[in-house]
Structures are given as structure tokens and as C-alpha cells.
Amino acid sequence: MIKDGFLYLAALIFAAAVLVNLPKIFKGKKAQVFFNFAPPIVLIYLGLMLLCTMKVWDLSATSAVYKSVKNPILYAMLFIMLLRCDLKKIIKLGPKMLIGFFAATLSIGLGFFVSYAIFHQLLGAGSWKALGALCGSWMGGGGNMLAIQAALDVDEATMAYALVMDSICATLYVMFLLWAIGNHEKFNKWTKADTSIIDGVGAALEEEAKANTKPLVWQNIILLLGSGLFVSAVSMELGSMINAHLSFFDSTTWTVLIVSVLGIVFALTPFGKIKGTEEISNVMLYIVIALIASRADLGAVGNAPIWLLAGFVILLIHVAIMIALAKILKLDIFTCSVASLANIGGTATAPVLAGAYSNALVSVGIMMALLGYVIGTGGGLLVANLMSIFG
């Protein structure tokens, strides 16, 4: 069992590197069919999750390293991805993104209400409070959960079950969305979605990047890495300082806001045209996904099977409603999946999913996640009070 923090980090990155290169190693037709179904980004998620469950590393001993590197790398990745952001093109995406977002929010709230109606006698007395706190988290981020937990005075013992549900269900759901967004063509064809605007925005930004025919040199790599990590560090400090005086957002959300503003501003300068933003941000993307997946211990569900089942029912209701609305309103899978994860994952994972679809659209994931954070606390409290009807 790995207990050394550096060895843990090195093992994650090495495992991600091997899994990313599998399609290049195995090139047969059968292999390609497999990788179309399970692309490297999903294999990383699944592989690291299984290694975690097999206790390859000690979660307690390596938690300090995880906490110290995951968010800084995530913020650096967001900054570098946003260097390719063009707000004028992003705005063209129109109201469909908002429709998708609020459809996701309402369907999640309904999922919690229906699931609790089914399982409330098995979940225990007062479980509606913990589920209400988790609902706030699944409508925009962990800050909302802490606010609702304090507002409803939820005891730690009950919250522990909700956190197990959050950890396992949300982790598996992210993996599912990463797989689904990799098969966007089939879904969009089925819903008859008009993806010309999204594809056009992504293609236009991709073409701008390709038009830069300058070679990728090591000076660019170290400049982007250094700038991204420095912006990440400074933004984290500023986020904590602002949160101390303006606590309606937590420090994480303030940090994402600062990183986003800096990325968008620098995208308007020659710095945004530096060769290598896609390559460096992709490396960071896969490292972040490996880090997130490395904390998903499936063995943790042993003492909370009913809570886990309730969580999957919530997600099933949510997904069913989103698929039905996608078919009726002809929504594309990017809109649906990013809107969904902007609620359930918040600023930590929605930009990652958007970046997995196209680096050029990561700002969409950030903006939608921030919207979720604004409404999550109120939404979670509303659902909690509705669930309290059942006792």
C-alpha cells in the first residue's frame, strides 16, 4: 500500500499516461471499437477508481498531497484553457444553455423529493435534513451544502451517510458523463439537435489555434506552466482574502471567479496566442481527473446501501427527465451534460467536462457552475422543506 505522498502522485500521473497512450499501442479494429466505447478519459476515471478501491494507496496518508495539489492544478488548467476563450463567440450559444441548466436544477430537486418519498422509512428519522444539504450541493457546489447543514442543524453522523452518497454516486456519474459526451454524435442525431452554433464556436477557436503555425518550443511550455501555476497561487490567496470579508461565496468560488477573469483578460492580449495552451491544459486535465478518481473508494458504501440506492434513484430520475427534455426541445448533449454537472459537480468538475468536449468551451462550464452556486442554497432548502412532509 502506497503511503508516501510523492509516490502516490507519481503513480497517478504514470497510470494516466499509460491509459492515454493505449489507443496508440493497440490499433486493431476490435481495439478501436473498445476505445470508442471507453475512451482514455473514461479509462483513467475507472482505472484509478478501481485502484483506490483495491487499497493500492492509503487514502488517509495521501490526503494531504491530494488536497495540496488538486485545486491548484485545476485552477492553473482553467486559466490556460481560458486563454483560448472568445466571449463574443461564446455569447452566440444563446438561451439553450440556460434552459438546460434550469431543467437540470428542477429535475434534481424532483429526484430528491421522489427518492425520499420512496426510501424515507429506511433512511431514518431526520434524514431529510441531510438530503436537503446534499441537494444544495447537487444544485451548485459544496459551499451550499455547508450553508444548509448549518441552517438545518444537521448532525455529523447523519451527514456522513449523505457524504458517502455524494462521493460514490457523483463520482460514478461524472464518469458516465465523460463517456456520454464522447458519444455526442449519436445522441445529437437522435434528438435532432442543431449543434451548428456550438460546433461553429468550437471549430472557429480551434482553427485560430491551428492557424498559429509556430512550433511548440520548451520556452512556451515553461512559460505557460509557470504562468498558470502562479495565477493559481495568487488567485487562491486573493480568494481566501475576499471570502474573509464577502462570505456569500466560499473561497473556492472566489478563486474560480478571479482565475476566470484573468484568463479572459489575458486571452485578449498576445499572451493568449502563445502556442501550447491546448497541449498543456490537456495534460493538466488528465491529471485532475486522475486525482479526483483516486479518492473514489467503492468499498465505502458497505455501511450505507440504502443511501446509495436512493442516490442512484435521484440520478436516474434526473437523467430520464433531461433525456426527455433533450428529445422534446432538441437539446444537444454538451448543453445537457454540462448543465447537469454544473449543478451536481459545481466549479470543480463542470469546467473539466466542458474542457473534455472542447478546450474552447471551458468558460461555459465555469459560468454555468457559478450560476448553480448562486441558487443552490435556496433550492436545497426548498427541497428539504418539501421532503419534511414525509417526516
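The values are calculated or read from the model by the stated rules, or taken from the named source; none is laboratory data. Not measured: the values here are computed from a predicted model. Note: ideal-geometry Cβ built from the backbone for every residue, glycine included; neighbour counts use all protein chains shown. Surface accessibility is based on the protein's heavy atoms, side chains included, excluding ligands, DNA and RNA. Shrake-Rupley method; radii C 1.70, N 1.55, O 1.52, S 1.80 Å.
Taking every residue in region 221-246 that is open to solvent by 50 Å² or more (accessible area, probe 1.4 Å) and part of a helix (DSSP H, G or I) and pairing it with any residue that is modelled with pLDDT under 95 and aliphatic (A, V, I, L, M), at least 6 positions away or on another chain, the pairs with Cβ-Cβ distances below 7 Å are I221/I280; L223/I274; L225/I280; L229/A76; L238/I258.
Residue count for region 186-199 under the criterion of being more than 20 Å from the chain's Cα centre (by Cα), outside any loop (DSSP other than H, G, I, E, B) and modelled with pLDDT under 80: the result is 3.
Results for (1) modelled with pLDDT under 80; (2) open to solvent by less than 10 Å² (accessible area, probe 1.4 Å); (3) among the charged types (D, E, K, R), shown as yes or no for each residue.
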site: K330; (1), (2), (3): no, no, yes
site: N343; (1), (2), (3): no, yes, no
site: A350; (1), (2), (3): yes, yes, no
site: A356; (1), (2), (3): yes, no, no
site: L361; (1), (2), (3): yes, yes, no
site: L370; (1), (2), (3): yes, no, no
site: G380; (1), (2), (3): no, yes, no
site: M387; (1), (2), (3): no, yes, no
site: G391; (1), (2), (3): yes, no, no
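A single member of I321, I375, I366, I317 is open to solvent by 20 Å² or more (accessible area, probe 1.4 Å) and either acidic (D, E) or modelled with pLDDT under 85 (or both), and it is I375.
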